[in-house]
Amino acid sequence: MTTSQAASPTTSPTATPSEQDLERHFDEIIARDQRIEPRDWMPDGYRKTLVRQIAQHAHSEIIGMQPEANWITRAPSLRRKAILLAKVQDEAGHGLYLYSAAETLGADRTEMTEKLIDSRQKYSSIFNYPTLNFADVGVIGWLVDGAAICNQVPLCRSSYGPYARGMVRICKEESFHQRQGYELLMTMMRGTEEQRQMVQDATDRWWWPSLMMFGPPDHDSPNTAQSMEWKIKRHTNDELRQRFVDMTVPQAEALGVTLPDPELAWNDERGHYDFGEIDWSEFKQVISGNGPCNAQRLAHRRRAHEDGAWVREAAAAHAAKHSHAAVS
Ligand code: BYC
């Protein structure tokens, strides 16, 4: 639904609506589960929260290309290489949709990139861990993309139109990514003992960081309450983390791997799996720049940005020439 279906903020076409009228109109749109569009009035905090979240999300897609790209040249077959290349390219595409969504809020693309490489804007903690063997490619698809889908499907109902619409397409592609990861792991599990051990080792290393992707626990999440009120987020971090655990345990059983948590057990009363305490000090270290690969990821992104300067200059010169030709 669009805002055009909501009541107008003013009764008279000539009167300028007051800030209160505009705010009431915004609140009505949110209450009716309709969408806020780029030209609609919105509170500053709503705009800022969206720019923060969407920029962080876009940066995650772009930085997220690195751990998997590490294996493109060493994929074990042409088929696996073609799949991995396509997946990494999809991630670049997701980054572009998301940067465009942030631009509809007035954010500047160059500025967002500069903020990323100066560590003034974050990207997901998960991409600060190394990919040590080819099973990591499968486990990233299964667990990391699985967690991403869990977190992002509800964002298709986010109150900001361009973000919600972008998420629909992203989620379709993420589901394919998740399945390719699981299929890769199933193949490895049918292989040699050494291959099964590689899958188990990768699962052991990625399980806890995947749970951290959902963000801090609700009691320590400064943004959740307001984002839920604005319907930017539809569920809390802990709700989504629980949904992910419940969904993943049977998948691990079907695959034949053990999740590295002795406390993982079905709780009949709650109707959910219980799981062990997450090491939040590790999470805090990683999001403050001290994870195993933070420096490497940012250095790589910075270098790519510098190496691409001539392309941006050439594109700008070409666009200027064209607009000049169009005027004359
Ligand atoms: N890593 O109040 P909270 C992908 C920050 S891409 C780093 O709960 P919020 C994929 C948070 O930003 C995956 N930082 O925040 C790509 C905040 O810091 P600031 C990315 C984190 O926003 C390629 C502070 O901690 N997905 O899946 O309400 C290949 C307090 O947190 C993290 C998205 O971005 C983290 N994990 O909730 C494969 C999804 N968690 O900004 C896969 C969209 C929290 O106040 N984003 N922080 O300094 C969201 O849904 C929400 O932003 C979050 C956090 C649930 C992540």
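Structural remarks
- With 0.36 nm allotted per residue and the present C-alpha distance subtracted, the Glu239-His322 stretch has 24.8 nm of extension available.
- The lysine pair tally for the chain, using Cα distances under 16 Å and a gap of 8 or more places or different chains, is 6.
- Of Glu173, Glu306, the sequence from fewest to most neighbouring Cβ atoms within 10 angstrom is Glu306, Glu173.
- Ranked by the mean number of other Cβ atoms within 10 Å per residue, highest first, peptides 152-159, 224-231 order as 152-159, 224-231.
- Normalised contact order of the chain, rounded percent, pairs of Cα under 8 Å and 6 or more residues apart: 17
- Ranked by the mean number of other Cβ atoms within 10 Å of their residues, highest first, the peptides 203-209, 20-26 fall in the order 203-209, 20-26.
- Scaled radius of gyration (Cα, divided by 2.2 N^0.38 Å) that the range 245-296 gives: 1.51
- The spacing between the range 240-261 and the range 81-135, judged by their C-alpha centroids, is 26 Å.
- Amide H within-cut-off set for His272, under 5 Å, with H built and near neighbours excluded: Asn267
- Entry note, the range 182-308: relative contact order of 20 percent, from Cα contacts under 8 Å with a spacing of 6+ residues.
- Seen against the Cα atoms of the chain and their longest principal axis, helix 44-63 is set at about 40 degrees.
- The range 176-199 residues near the modelled Ala82 label - backbone nitrogen below 12 Å, point 7 Å along Cα→Cβ: none
- Rg of the Cα atoms in the chain, relative to 2.2 N^0.38 Å, amounts to 1.11.
Read-outs: derived from the displayed coordinates by stated rules, not from any lab. If you're wondering where the values come from, they're calculated on a predicted model, not measured in any experiment. Backbone-built Cβ (ideal geometry, glycine too); neighbour counts: all protein chains shown.
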